[in-house]
Amino acid sequence: MTPTDQPIVVRDLCKRYGDRNVVDHLDLTIEPGEVFGFLGPNGAGKTTTIDILTGRRPRTSGDVEVLGHDPWRDAAAWRARIGVVPQRTGEYPVLTVREVVSMFAALYPRPLPVDEVIDMVGLTKKAKDLAANLSGGQKRRLDVAVGVVGNPELIFLDEPTTGLDPVARREAWDLVRFFADRGTTTLLTTHYLDEVEALSQRAGIIVGGSLVEIGTMSELASREHVVTTISCSIPETLRDVTLPAQLDPHQLSIDDARITKGQLRIETHDPCQVTYELLSWARQYGARELPDFRVVQPSLEEVYLRLVHGADTRAKEMAPTDEVVQ
């Protein structure tokens with residue numbers, strides 16, 4: 001396997017347990033300096049993928065390259081170049097916050113200043129307290145401090161803001177932005193869609209171990225399978241005019257088109273063409289504008305839920321019909 005310039009390159013990755021692939025032929029490339037959001041429901045394969053990328057568990061098949069190395073087979077020296085905030089909170093029963101961060105800083109050749117990192121995660125007032133006495137949210141902040149103190153080139157954040165209050169979440173976001181501004185690459189798994197929208201340049205949606213969609217936020221929201229709603233009021237001058245034949249659902253990708261009490265509503269997969277046809281039609285009959293004209297695309301949350309639901313439905317349709325449901 002020849003090293004590449006991309007921090008993460010995954011080709012045809014599979015992880016099998018028994019007769020089931022929990023990661024199923026996954027392909028993924030992450031660019032230098034990118035914050036990449038990894039979205040998916042519980043059990044989708046996000047944490048298993050990160051465990052493989054960080055060398056915590058072997059893969060069944062496929063090729064994986066992280067910073068030019070195979071994380072399972074190559075020498076462990078490359079680990080000093082990555083930072084990991086795992087999903088599970090660390091336990092340090094007899095150490096203070098500063099001692100925990102200092103201990104991990106000593107493992108790296110060029111760590112960030114310990115007190116600076118503690119301040120970044122909002123634990124300065126707790127620096128002398130035992131880590132075991134921290135609240136759940138404060139322990140999560142400590143996990144983040146441990147994960148980034150080594151000044152990594154590549155950071156894996158596995159649901160880093162779970163359990164944090166809104167203020168602490170925003171502070172964690174600022175930390176991600178801090179490293180992004182330094183050119184650090186970040187792979188972020190999360191259940192919070194606003195987190196992905198705020199931080200990520202691109203996102204991938206994984207369901208049942210398969211990457212069902214990948215792209216920028218705007219690309220995900222404008223996929224062909226995503227329905228856009230176009231609506232407007234019909235002016236008096238157009239009330240008795242027939243809508244253009246080009247708006248026939250058989251000619252354009254239109255799910256629904258109706259006029260109710262002078263209001264036109266169209267659901268379409270082709271909003272640009274539909275908008276063009278509507279405006280051309282209006283101008284043809286002397287209307288300079290269409291009142292209350294709106295083009296509404298679904299939010300990332302709506303796109304995400306539709307994709308997850310669609311992938312689940314397809315998986316159930318492909319499942320053997322003679323299985324006993326427990």
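Observations, loosely collected:
- Global form of the stretch 10-93, assessed from the alpha-carbon gyration tensor, a/c cut-off 1.5: rounded
- Here the accessible area is traced with a 1.4 Å probe on the protein chains. For the stretch 132-289, carbon and sulfur cover 47 percent of it.
- Prolate/oblate/rounded label for the stretch 104-165 (Cα gyration tensor, a/c 1.5): oblate
- The alpha-carbon of Lys126 sits under 13 angstrom from the alpha-carbons of these aspartates and glutamates, leaving out residues fewer than 8 places away in its chain: Glu99, Asp115.
- Tail fraction, Cα-Cα pairs, the stretch 136-288, threshold 28 Å, whole percent: 47
- Using a Förster distance of 51 Å, the FRET efficiency for Arg56-Ile259 (Cβ separation, nearest 0.05): 0.30
- Cleavage-rule hits (GluC sites (Glu not before Pro)) in the stretch 274-307: DSSP loop, at most 13 neighbouring Cβ within 10 angstrom: Glu289
- About the centre of its Cα atoms, the stretch 44-170 shows a dipole size close to 240 debye [charges on the beta carbon of Lys, Arg (+1) and Asp, Glu (-1) only; nearest 20 debye].
- Solvent exposure of the stretch 17-156 as accessible area per residue, Å², 1.4 Å probe: 45
- 0 to 90° range, to nearest 10: angle between helix 271-284 axis and the chain longest Cα axis: 30
- Annotation: lysines with alpha-carbon distance below 25 angstrom to Lys15 (same-chain offsets under eight excluded): Lys46, Lys316.
- In this label model, Leu95 and Asp19 are separated by 4.5 nm, measuring between points 7 Å along each Cα→Cβ vector.
- Accessible surface computed residue by residue for the stretch 164-306, with neighbouring protein chains in place and a 1.4 Å probe, gives 54 Å² per residue.
- Estimated from the Cβ-Cβ distance and a Förster radius of 41 angstrom, the FRET efficiency linking Arg306 and Arg73 is about 0.55.
- Cleavage-rule hits (trypsin sites (Lys or Arg not before Pro)) in the stretch 107-160: DSSP loop, at most 13 neighbouring Cβ within 10 angstrom: Lys128
- In the chain, the ratio of gyration radius to Kirkwood radius, Rg to Rh, stands at 1.10 when only Cα atoms are counted.
- Loop sites in the stretch 86-133: GluC sites (Glu not before Pro), DSSP, at most 16 other Cβ within 10 Å: Glu91
- Farthest toward positive dipole pole in the chain [+1 Lys/Arg, -1 Asp/Glu at C-beta], among Gly163, Ile214, Leu39: Gly163
- Surface share of carbon and sulfur [accessible, 1.4 angstrom probe, percent] for the stretch 13-64: 42
The values are calculated or read from the model by the stated rules, or taken from the named source; none is laboratory data. Model, not experiment: these values are computed from the prediction. Cβ: placed from backbone, ideal geometry, glycine included. Neighbour counts: every protein chain shown. Each accessible area value is taken on the protein alone, full model and side chains, heavy atoms only, with ligands, DNA and RNA left out. Shrake-Rupley method; radii C 1.70, N 1.55, O 1.52, S 1.80 Å.
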